[in-house]
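These notes concern the structure reproduced below.
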């Protein structure tokens, strides 16, 4: 396809600049030349270095590049501090000319928190050396904005966390609609600093088993709490011993577990996790355990997903009101602000979310442990 495109626009592919770098399980493997209409693309040698976004790249080259970044950062900060710029302009120059030497590598080179802290320390040390920062001054004040009485110097550790988080969020969101991004996410099993292929969610192998079990455990807590409202004589048992009845009928309420609602017209999303009908009010409850960055999106999706079913139930069952209640708990235990109001709407004790958090964290740890054990085999 690339050959056809370059031929259409009368452009040569430039094979002398092309190489194939084959990696298997993080290790270099020999690659045979790849034939094209213009010639062959040669495979790289094990000790050969290539450039990506202007940075020398190789599996064992991180230390060399980190040393280069550190030396260049020291050089640029020193040049700025030796100048006759005012204090505010020195801070701006460091943020825009010196520190980008390091921030440009975030997401490409794997930095540890210790290494990032050492770069922040280097910056503060140079400021102190050139009498632009008092040696006894607060570390926090050095990185505070100038509007709040600080120096206004970018905190590299925090910048690294924000930048990698934003890149990770971008790739995981695009992977839902783009086959290219999905392929990148699936193949990146701790190969890049972003570690896009997270075993906590989104692994197709674990989806039908471990993820479903974690999801159903959260649903069991909600179901049992509702059951105790309509059947006061029910004795509470631990969620891992609780078995949800498909249908529970009392004189005042009906409680359904994973039941398909038969409707007059075709509605694709007609199977919420839990349905509670109490008098003339019906609640459609659906549980989701997404990645933390997807919690708001999944909550909106759940509401939109069941709007047609809610309207159909209101008409068919002659209900005054049908409420859609998404129960969202992050895969690593985070909860949105909407969870407590949702539990309150269902008359469930507010501290129930603590039990849900605990089981999600335990199940996620088990998933990660299983995933890592399989990867090491």
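The values are calculated or read from the model by the stated rules, or taken from the named source; none is laboratory data. Given the structure is predicted, the values throughout are model-derived calculations rather than measurements. Here the Cβ is made from the backbone with ideal geometry for all residues, glycine too, and neighbour counts use every protein chain on show.
The one condition from (1) outside any loop (DSSP other than H, G, I, E, B); (2) touching a strand residue (DSSP E or B) at 6+ places or on another chain (Cβ under 7 Å); (3) modelled with pLDDT of 90 or more that residue 272 does not meet is (1).
Among residues of the stretch 128-141 that are surrounded by fewer than 11 Cβ atoms within 10 Å (Cβ to Cβ), those with a beta-carbon under 8 Å from a residue that is part of a loop (DSSP other than H, G, I, E, B) at least six positions away or on a different chain give the pairs 140/150. Considering the stretch 251-272, and only residues there that are touching a helix residue (DSSP H, G or I) at 6+ places or on another chain (Cβ under 6 Å) and closer than 17 Å to residue 312 by Cα, the residue that is surrounded by the most Cβ atoms within 10 Å (Cβ to Cβ) turns out to be 267.
Taking the criterion of being at pLDDT below 80 and surrounded by 17 or more Cβ atoms within 10 Å (Cβ to Cβ), the residues of the stretch 190-229 that qualify are 192, 193, 194, 196, 197, 198, 199, 200, 201, 202, 206.
Applying the criterion of being assigned to a loop (DSSP other than H, G, I, E, B) and within 19 Å of the chain's Cα centre (by Cα) to the residues of the stretch 275-305, the residue that is nearest to residue 341 (Cα to Cα) is 289. The set of residues in the stretch 160-189 being in contact with a helix residue (DSSP H, G or I) (Cβ under 6 Å, 6 or more places away or on another chain), crowded, with 17+ Cβ neighbours inside 10 Å and at pLDDT 80 or above consists of 160, 171, 175, 181. One residue alone among 293, 301 is touching a residue at least 24 places away in the same chain (Cβ under 8 Å) and surrounded by 12 or more Cβ atoms within 10 Å (Cβ to Cβ), and that residue is 293.
Consider the stretch 100-140. How many of its residues are assigned to a helix (DSSP H, G or I), over 25 Å from residue 165 (Cβ atoms) and modelled with pLDDT under 90? Looking only at that region, the number is 0.
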